[in-house]
């Protein structure tokens with residue numbers, strides 16, 4: 001009976017004359033045949049900003065509104081409401097964790113964050129740490145309080161959380177004790193810590209406990225792992241590993257890995273032997289190291305806890321015109337500030353949020369990049385304000401044109417899912433390309449729902465494939481799967497299995 005009522009409601013929404021009214025483009029946006037109706041726009045807003053569909057009452061309220069002006073005011077109000085929800089903060093926190101290659105288990109998530117309730121809510125203290133730590137608190141604060149995006153690199157305010165139970169891990173209090181010894185006395189309490197703006201040894205999330213534990217510093221990597229994350233996240237430079245020719249000159253790369261030493265004819269220690277075997281020099285290798293090494297040096301004094309000593313370095317990166325930017329920095333804190341002053345940083349952050357909320361399948365060009373970067377600056381680099389601007393642009397409610405026919409789309413989906421099958425066959429999981437999966441419509445629906453959740457296609461954190469998997473879906477793969485699920489996950493004959 002409930003199913004019939006729900007189906008009837010859906011049919012009413014689809015057939016109602018009001019549902020075919022189109023959003024009115026703003027004066028600088030042209031109306032196209034690809035505009036979506038108000039109900040679809042509300043659904044898209046809710047999924048993108050909160051990770052789940054609107055409530056039935058929201059659809060009902062929208063249906064009762066007459067006139068485009070009032071409908072536009074309603075959806076505008078909903079944008080503010082969704083951006084103020086804890087669902088939005090959760091979703092953005094998960095996005096940023098994934099960007100940092102840090103992913104908390106779903107069991108560690110709870111809609112109401114109360115540190116004191118960890119024993120009842122969380123599976124283990126390890127899961128608790130993935131949420132309650134100085135890094136995650138700073139990320140959540142930026143989105144929740146609509147702080148400047150630059151705070152991720154420049155913030156001097158931190159909340160320190162004690163470790164629950166006995167866990168062999170450095171606590172937030174121990175981590176910051178290298179700079180403020182007094183916090184050790186408060187190691188069993190949640191402690192708010194604020195440094196002076198002139199403190200050069202602090203750089204937002206880059207000098208937080210969880211970040212440092214994730215990207216450890218060693219005598220061999222000398223801060224390069226940390227530097228590569230800085231380039232990837234804040235300057236959109238992936239710094240991919242390059243396999244080089246064995247015949248390359250070896251002394252030049254050793255000078256990069258172990259600066260200040262002479263290697264011709266000298267005996268090398270075991271670490272240098274490792275470097276020799278894995279980082280032999282050529283132009284591709286040097287192209288990365290000339291950027292990584294100077295930035296990595298600012299991190300050289302940091303071990304498992306923050307150091308009281310500063311370490312100078314350089315910010316080096318390639319401009320869009322191909323020229324090399326190079327400027328000295330006094331410390332890690334100075335580096336964080338210097339990055340936020342670069343146009344490449346602004347363009348990188350705005351393009352990433354465009355990809356998150358508009359999509360990689362929409363037209364993007366230099367003119368759009370200039371427009372959104374200018375608006376980002378106008379909004380004082382505040383993320384919620386900028387995201388509201390993005391989801392109010394015509395591109396958000398104008399879906400990409402698609403001429404792909406259903407059989408081709410299904411064939412492409414199966415080709416993607418075949419990568420899952422190749423890994424999971426040994427676990428007794430049925431072939432994802434042999435439909436219906438598991439032999440029945442019910443099992444097919446269950447597997448598709450599970451795949452949708454595990455691959456982060458329904459607003460949840462992506463847990464599959466694992467980060468260490470040999471195959472990772474491309475942006476185009478994920479866009480196709482999202483589009484397919486939005487159509488109801490149809491088979492070749494058009495039968496749908498997912499609401």
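For the pair residue 367 and residue 85 in one chain, pulling the backbone fully straight at 0.36 nm per residue adds 98.3 nm over the alpha carbon distance. Peptides 61-67, 384-390, 445-451 ranked from most to least packed give 384-390, 445-451, 61-67, packing being the mean of other C-beta atoms within 10 angstrom over each peptide's residues. Remark on the stretch 343-397: Rg and Dmax equal 10.0, 28 Å (Cα only). Distance between the 7 Å Cα→Cβ label points at residue 144 and residue 323: 4.4 nm. Taking label points 7 Å from Cα along the Cα-to-Cβ direction, residue 180 and residue 443 give a separation of 5.8 nm. Compute the Cα gyration tensor for the stretch 406-486, then decide on rounded, prolate or oblate, letting a ≥ b ≥ c be the square roots of its eigenvalues: rounded whenever a/c is under 1.5, prolate when a/b is larger than b/c in the other cases, and oblate in all that remain. It is rounded, given that a/c, with a ≥ b ≥ c, falls under 1.5.
Once the Cβ-Cβ distance of residue 360 and residue 304 is raised to the sixth power relative to R0 = 35 Å, the FRET efficiency obtained is 0.35.
Every number in this text was worked out from the coordinates using simple rules, so none of it is lab data. Predicted model only: the values in this text are computed from it and were never measured. Here the Cβ is made from the backbone with ideal geometry for all residues, glycine too, and neighbour counts use every protein chain on show.
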